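The values are calculated or read from the model by the stated rules, or taken from the named source; none is laboratory data. Bear in mind the structure is a predicted one, so any value in this text is a computation, not a measurement. All Cβ positions, even for glycine, are placed from backbone atoms using ideal geometry, and neighbour counts span all protein chains on display. Please note that ligands, DNA and RNA were not included when accessible areas were found on the heavy atoms of the full protein model with its side chains. Shrake-Rupley method; radii C 1.70, N 1.55, O 1.52, S 1.80 Å.
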Amino acid sequence: MLELDKSDQLIDAYLAYILEANQRINLTRITDLDTAKILHVEDSLVPLQDIISAPEGLYGDMGTGGGFPGVPIAVKSGRKAVIIDSVKKKVNVVQEGVDSLGLSNQIDTYGGRIEELAKERKGAFAVLTARAVTQLVSLIELASPLLKIGGQLICYKAQTEQSEIDLALKVCPKVGMKLIKDYSTVLSDGNTLRRIFVFEKVSPAQLKLPRKIGAAQHNPLS
């Protein structure tokens, strides 16, 4: 793992780069530096200890947008990482930022659909993150074919309806996943609630995954 001060410097430099790039391409609605430090950096690092304690191996961030939480997590954990988003323009900007910080040997990017990546790198990941991407039931389905047995999916959510949680729990056995941790915290702004769900891949899925592109979101399992 990088020295604390060095890793913080890298993350601060990356955040400044993203806010500058945001003037050219829409990466984030947050344009104020102080707010971005809380809602992007601090928020990204909430489950850092879960990332560190997850099984050894490749880390991936699904639906990364401007590279959060993926880049801060990779920098702090020292894991080899793949930053994933279907919008290639965003991925290209993230890659430029990673390259500029000298992190291209550690952090790679993938511009394409998660379902396609799952075909290319089935079972290749030890831990995945997803921040405010889609419903839990869709996330566990998308993550399952990417994860090795024992691998973990860490989901960042805000207010979460019990019905969303119940559906994910119902579908977990079908996709070989199990909820192993659920906790909440409030960020330092005193207002932003972050709830973390950690799922573990405990067995092969009972159905062929991945399904067709978009099926997990538009026709979720039940």
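In a fully extended conformation the segment linking Glu161 and Leu48 would gain 38.2 nm over its present Cα-Cα distance, using 0.36 nm per residue.
Based on the convex hull around the alpha carbon atoms, segment 70-111 presents an average projected area of 2.4 nm². Sites counted here are GluC sites (Glu not before Pro) in a DSSP loop (not H, G, I, E or B) having no more than 14 other Cβ atoms within 10 Å; the longest part of the chain that contains none of them is 57-160.
Hydrodynamic estimate: the Kirkwood radius of segment 76-164 over Cα pairs, inserted into Stokes-Einstein at 25 °C and 0.890 mPa s, corresponds to D of 173 µm²/s.
A straight line joining the Cα centroids of segment 122-148 and segment 149-222 runs 8 Å. Full extension of the segment from Lys170 to Gln9, taken as 0.36 nm per residue of separation minus the current Cα-Cα distance, would add 53.7 nm.
What is the calculated FRET efficiency for Glu56 to Lys89, with r their C-beta to C-beta distance and R₀ = 30 Å, to the nearest 0.05? The partial results should precede the final answer.
On the way: r = 33 Å, r/R0 = 1.09.
It comes to 0.35.
Per residue, the solvent-accessible area of segment 65-212 (1.4 Å probe, heavy atoms of protein chains only, all protein chains present) comes to 42 Å².
With a 1.4 Å probe and all protein chains left in place, how much of the accessible area of segment 138-222 comes from carbon and sulfur atoms, in whole percent?
Accessible surface attributable to carbon and sulfur in segment 138-222 totals 51 percent.
Using the Cβ-Cβ distance between Arg121 and Asn191 with R0 set to 45 Å, the FRET efficiency works out to roughly 0.75.
Stokes-Einstein, applied to the Kirkwood radius of the chain over Cα pairs at a viscosity of 1.306 mPa s and 10 °C, places its translational diffusion at 91 µm² s⁻¹.
On the beta carbon distance between Lys37 and Ser104, with R0 = 25 Å, the FRET formula returns roughly 0.55. Building the convex hull from the alpha-carbon atoms of segment 1-104 and averaging its projection over directions returns 6.1 nm².
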